[in-house]
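Structure record follows, encoded as structure tokens.
The values are calculated or read from the model by the stated rules, or taken from the named source; none is laboratory data. A quick note: this is a predicted structure, and the numbers were derived from the prediction, not measured. All Cβ positions, even for glycine, are placed from backbone atoms using ideal geometry, and neighbour counts span all protein chains on display.
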Amino acid sequence: MRFIETWIPATLVSMRDLAPGIREFLILPDQFDGVAYPVGSHINMSVTIDGLPETRSYSLVGEASSHGFRIAVRRAEDSRGGSRYMWQLAPGARLDITWPASLLAVDWARQHYCLIAGGIGITPILGAAQALARRGANVTLHYAVRSRGEAAYLDDLANLLGDRLVVHASDEGRRLDLDALFASLPQDALALFCGPMPMLDAARHAWIDAGHPLPDLRYETFGSSGALPTETFRVRLKDSDIELEIPRERSMLDVLNACGHDVMYDCKRGECGLCAIDVVDLEGEIDHRDVFFSDHQKRSNEKICACVSRARGTITVDTLLRADAV
């Protein structure tokens, strides 16, 4: 297991609105020494959705601070309820969180760095920008948003990076051209990315087409973004008459495990593949929201990562056959 979760009590100290629909939360653990955490770290948080305990992951904003942990949450109606829970909190609220963990490995010895953020994906990228700027690295940040008014931390980034910050605002007709961007980068460049799943898929294709090694594109995932709207779907269990409803607020993994149909898991972010289960029949469409399976595997619809991926309609699964999901 890569993720050994240690849960700690904390207090919501303050909140502030960064942009329409984006709110920052300052969280102070009870026992906090201000120790630094790796760039790209996230925390898990216990939330309550429709009266049930759930867990959500949030990227930490910026480098470590003695004031506590900062996260920024976009209010998303088409979500599984985590943002609605967070937005109804008030300062002084007691929280249960985990210590930070990072999956965004940064090679600090590179000569060129390209940072890409899509919307709220700026949250883990800000800390990387701060760390690289402090080191005097050759870094450029490409920030894709619908409008500058919706861009969180825009003034902070402009002060930090100057003309090395490039804003791609759709309402200004400046959409991010990933093919052109990656083709212009030196071969030794390291790219750090965070954005919605369709944008990540486009980035991976553009990166490979530009001749860059795929390991040099490193990314943090949302885990909840997909190609289809988040909606209720149904799961049948192979060779049984059991059919379960997966509400929009819960994952298939959580529902299966809560009903006693044990599925192994680790990251719960669609990255490790441990929760992958076999799909034996499909009446509808699968929305693969993981980054574990290849494009070919996703098109085949033979497996699904139960922690983040969803569906439209009904799928039949076999929870026992996971031979290649470790």
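Some points to look at:
Residue-wise test of (1) at pLDDT below 95; (2) more than 20 Å from Val139 (Cα to Cα); (3) crowded, with 22+ Cβ neighbours inside 10 Å.
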{"site": "Asp177", "(1), (2), (3)": "no, no, no"}
{"site": "Ala183", "(1), (2), (3)": "no, no, no"}
{"site": "Pro186", "(1), (2), (3)": "no, no, no"}
{"site": "Leu192", "(1), (2), (3)": "no, no, yes"}
{"site": "Gly195", "(1), (2), (3)": "yes, no, yes"}
{"site": "Ala202", "(1), (2), (3)": "yes, yes, no"}
{"site": "His212", "(1), (2), (3)": "no, no, no"}
{"site": "Pro215", "(1), (2), (3)": "yes, no, no"}
{"site": "Gly223", "(1), (2), (3)": "yes, yes, yes"}
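- Subset of the stretch 75-89 that is out of contact with any Gly (no Cβ under 6 Å at 6 or more places or on another chain) and basic (Lys, Arg) - its residue that is modelled with the lowest pLDDT: Arg80
- Number of the exception - Gly173 against (1) more than 22 Å from the chain's Cα centre (by Cα); (2) surrounded by 13 or more Cβ atoms within 10 Å (Cβ to Cβ): (2)
- Some residue of the stretch 199-219 being in a strand (DSSP E or B) and β-branched (Val, Ile, Thr): no
- For beta carbons closer than 6 Å, sequence separation of 6+ or different chains, a first residue in the stretch 98-121 that is within 27 Å of Arg74 (Cα to Cα) and a second that is aromatic (Phe, Trp, Tyr) and surrounded by fewer than 24 Cβ atoms within 10 Å (Cβ to Cβ), the qualifying pairs are Thr98/Trp7; Pro100/Tyr37.
- Residue count for the stretch 97-135, restricted to those that are outside any strand (DSSP E or B), among the polar types (S, T, N, Q) and more than 15 Å from the chain's Cα centre (by Cα): 2
- Complete set of residues in the stretch 291-320 that are in contact (Cβ under 8 Å) with a residue 40 or more places away in the chain and under 18 Å from the mean Cα position of the chain (by Cα): Val291, Ile304, Ala306, Cys307, Val308, Ser309, Arg310
- Conditions (1) surrounded by 18 or more Cβ atoms within 10 Å (Cβ to Cβ); (2) in contact (Cβ under 8 Å) with a residue 24 or more places away in the chain; (3) not in a strand (DSSP E or B); number of the one not met by Ser66: (1)
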